[in-house]
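Chemist: Submitted below is the structure of interest, expressed as structure tokens.
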Amino acid sequence: GLRELELVGCGLGDDAAEAMAGMPGLAGLRSLSLRDNRLTGRGATALLTSPHLAGLAYLDLGQNPVRGLDRRALAAAPPGGLRAAEFHG
């Protein structure tokens, strides 16, 4: 199964992040890099709260305009395996 996925500089937005968050086929991912796209708080929240991505150890959202994460959704999400997240820039 797929363990690492890098979609860097592809112009991905929140709709794409929400679609990815809903994909059971990505449940085996351990590392996801979406650096240098157009993800905001909506897309980041979808990824961080996705039950299909609960096994992620590393999430790179650097160089995205991530603002306004949904605190309630994050607080209500089941715990996952995330060990490191990148939000630089």
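The values are calculated or read from the model by the stated rules, or taken from the named source; none is laboratory data. Everything numeric here is computed off the predicted structure, so don't read it as measured data. Note: ideal-geometry Cβ built from the backbone for every residue, glycine included; neighbour counts use all protein chains shown. Note: accessible area is taken over every heavy atom of the protein model, side chains too, but ligands, DNA and RNA are not part of it. Shrake-Rupley method; radii C 1.70, N 1.55, O 1.52, S 1.80 Å.
Chemist: Any idea which of Arg71, Arg83 is free of Cβ contacts under 8 Å to residues at least 24 places away in the same chain and either open to solvent by 70 Å² or more (accessible area, probe 1.4 Å) or of a type in the set (Val, Ile, Thr) (or both)? Break it down stepwise before answering.
Modeler: Values: Arg83 fails: free of Cβ contacts under 8 Å to residues at least 24 places away in the same chain.
After applying the criteria, what remains is Arg71.
Chemist: All but one of (1) part of a loop (DSSP other than H, G, I, E, B); (2) open to solvent by 30 Å² or more (accessible area, probe 1.4 Å) hold for Arg42, so report the exception by its number.
Modeler: Every listed condition holds for Arg42 apart from (1).
Chemist: Inside region 13-39, can you point out the residues that are open to solvent by 10 Å² or more (accessible area, probe 1.4 Å), part of a loop (DSSP other than H, G, I, E, B) and closer than 16 Å to Phe87 by Cα?
Modeler: Gly13, Arg35, Asp36, Asn37, Arg38
Chemist: Follow-up question, since we're still on this one. Quick one: what pairs do we get from region 1-12, first residue closer than 13 Å to Leu56 by Cβ and open to solvent by 100 Å² or more (accessible area, probe 1.4 Å), second of a type in the set (D, E, K, R) and in a loop (DSSP other than H, G, I, E, B), C-beta under 7 Å, 6+ apart or different chains?
Modeler: Correct list of pairs: Arg3/Arg30; Glu4/Arg30.
Chemist: Which pairs have Cβ atoms under 7 Å, sit 6 or more apart or on different chains, and link a residue in region 37-66 that is in contact (Cβ under 8 Å) with a residue 24 or more places away in the chain and of a type in the set (Phe, Trp, Tyr) to one that is part of a strand (DSSP E or B) and open to solvent by 10 Å² or more (accessible area, probe 1.4 Å)?
Modeler: The qualifying pairs are Tyr58/Ser31; Tyr58/Ala84.
Chemist: Being assigned to a loop (DSSP other than H, G, I, E, B) and of a type in the set (A, V, I, L, M, F, W, C) narrows it down to one of Leu69, Leu74, Leu48, so name that one.
Modeler: When all the criteria are applied, what remains is Leu69.
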